[in-house]
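Report on the following structure.
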Amino acid sequence: MDQNLRVLFDRAVADEPALPLVDLVGDAVAAGTGLRRRRQRLVATGVAAVIAVAAVGAVNVATPPQRSAPPPTVSAAFGMLVNRACHAPADETATDAAVYLAPEITAQQRGVINRALDADPAVGTVAYESREQALEKFKKLYADAPELVDNIVSSQLPESFRITLVVRSRYAELAERVERLDGVDEIIGIDCPAGTSASAVD
């Protein structure tokens, strides 16, 4: 029985056409070579892309974007301590505050801020200080430093509202309201001894 099966199998195989082994091997080699070339091209492209990105990054780091220099201004700190008996910045102990206005503030925004301060329950008194008035105080305060005063013009000083507080403990809530107003640059709390004003030139 086993012999007959073997004979039948041999006959069936003998009837099949011979497989072109050489062609199969050649095709496999050609396909492999094509895959290798494609892979090399992809790797080369990837490396080139990485190098390009790195080069762009290096250029950006080496040459940061050019920005126009802001106009020179005098820090609000120059205006904070006009009265040297006072201390700033102060939060919980603030008796006064300086509300500095943005350089590009409009007349309408200035008016809204003034009315808001007048109506605020935490505010006792409100006084507007122009850039020119700030410069006059600046000149008096730094009269012993002419080289500094001679190089300052009014446009470099901020205009502001000088206010007194009804109660010291209300500064934080006042500052939060004021900072939300359009045209306000910053508000700084000032702690002054009783009977003195933060804006007084000593």
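The values are calculated or read from the model by the stated rules, or taken from the named source; none is laboratory data. This structure is a prediction, so every number in the text was calculated from the model and none was measured. A quick note on method: Cβ atoms are made from the backbone with ideal geometry, for glycine too, and the neighbour counts reach across all protein chains shown. Surface areas here come from the heavy atoms of the whole protein model, side chains and all, with no ligands, DNA or RNA. Shrake-Rupley method; radii C 1.70, N 1.55, O 1.52, S 1.80 Å.
Descriptive notes on the structure:
- L117 passes every criterion in (1) part of a helix (DSSP H, G or I); (2) buried (at least 18 other Cβ atoms within 10 Å of the Cβ); (3) at pLDDT below 90 apart from (3).
- Remark: L148 falls outside the filter, which requires a residue to be of a type in the set (A, V, I, L, M, F, W, C), touching a residue at least 60 places away in the same chain (Cβ under 8 Å) and either surrounded by fewer than 18 Cβ atoms within 10 Å (Cβ to Cβ) or on the phi < 0 side of the Ramachandran plot (or both).
- Condition met for A134 (more than 15 Å from A94 (Cα to Cα), free of Cβ contacts under 8 Å to residues at least 60 places away in the same chain, open to solvent by less than 20 Å² (accessible area, probe 1.4 Å) and aliphatic (A, V, I, L, M)): yes
- Which numbered condition Y128 misses (of (1) without any contact (Cβ under 8 Å) to a residue 40 or more places away in the chain; (2) within 30 Å of the chain's Cα centre (by Cα); (3) open to solvent by 40 Å² or more (accessible area, probe 1.4 Å)): (2)
- Hits in the stretch 91-101 (condition: part of a loop (DSSP other than H, G, I, E, B) and either in contact with a Leu (Cβ under 7 Å, 6 or more places away or on another chain) or open to solvent by less than 10 Å² (accessible area, probe 1.4 Å) (or both)): A94, T95
- Pairs meeting the criteria (first residue in the stretch 95-108 and under 9 Å from G189 (Cβ atoms), second residue open to solvent by less than 10 Å² (accessible area, probe 1.4 Å) and of a type in the set (S, T, Y), beta carbons under 6 Å, at least 6 apart or on different chains) are A98/S160.
- Qualifying positions in the stretch 143-202 - within 19 Å of G111 (Cα to Cα), in contact with a Ser or Thr (Cβ under 9 Å, 6 or more places away or on another chain) and part of a loop (DSSP other than H, G, I, E, B): P158, E159, D182, G183
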